[in-house]
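K.L.:
Structure provided below as structure tokens; questions to follow.
The values are calculated or read from the model by the stated rules, or taken from the named source; none is laboratory data. On a predicted model such as this, the values are computed, not experimentally measured, just so you know. Please note: Cβ atoms are built from the backbone with ideal geometry, for glycine as well, and neighbour counts cover all protein chains shown.
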Amino acid sequence: MPPGMLLDEVSMVASRAGPGAAALLHQIWDAADLPFRAGLNLWRPYERLGPARQEAMLQAAATAVQLAANGRITPCGTLGSALQAASHRR
């Protein structure tokens, strides 16, 4: 999965994600011990975020990859299987 896609996913607003995906996003941000969407109210491109928010987005993305690799979350979407632990891939 291209890194930009994962950053877009972790910064998605809960209302756009849908109930199941919103819960997953909250789980990721909680596991990263960061405020949901790094406190971002309106979506902005990653490149336009300040350094602290960029770092938080990267931390949330890394946390999502780690949670998927540990089997604690099930990644979804077209490329979700690329984030699953090797033993769970087809």
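Residues checked against (1) touching a strand residue (DSSP E or B) at 6+ places or on another chain (Cβ under 8 Å); (2) among the small types (Gly, Ala, Ser); (3) modelled with pLDDT under 90:
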site	(1), (2), (3)
Val10	no, no, yes
Val13	no, no, yes
Ile28	no, no, no
Asp33	no, no, no
Arg37	no, no, no
Ala56	no, yes, no
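K.L.:
A further question follows. Being modelled with pLDDT of 90 or more and either at positive phi or of a type in the set (A, V, I, L, M, F, W, C) (or both) narrows it down to one residue among Ala22, Ala64, Ala85; which is it?
P.N.:
Ala64 is the lone residue from the list that is modelled with pLDDT of 90 or more and either at positive phi or of a type in the set (A, V, I, L, M, F, W, C) (or both).
K.L.:
Could you count how many residues in segment 1-57 are part of a helix (DSSP H, G or I) and touching a Ser or Thr at 6+ places or on another chain (Cβ under 7 Å)?
P.N.:
Adding up the residues that qualify gives 4.
K.L.:
When residues of segment 64-78 are filtered for being crowded, with 17+ Cβ neighbours inside 10 Å, within 18 Å of Val13 (Cα to Cα) and in contact (Cβ under 8 Å) with a residue 24 or more places away in the chain, how many remain?
P.N.:
Count: 1.
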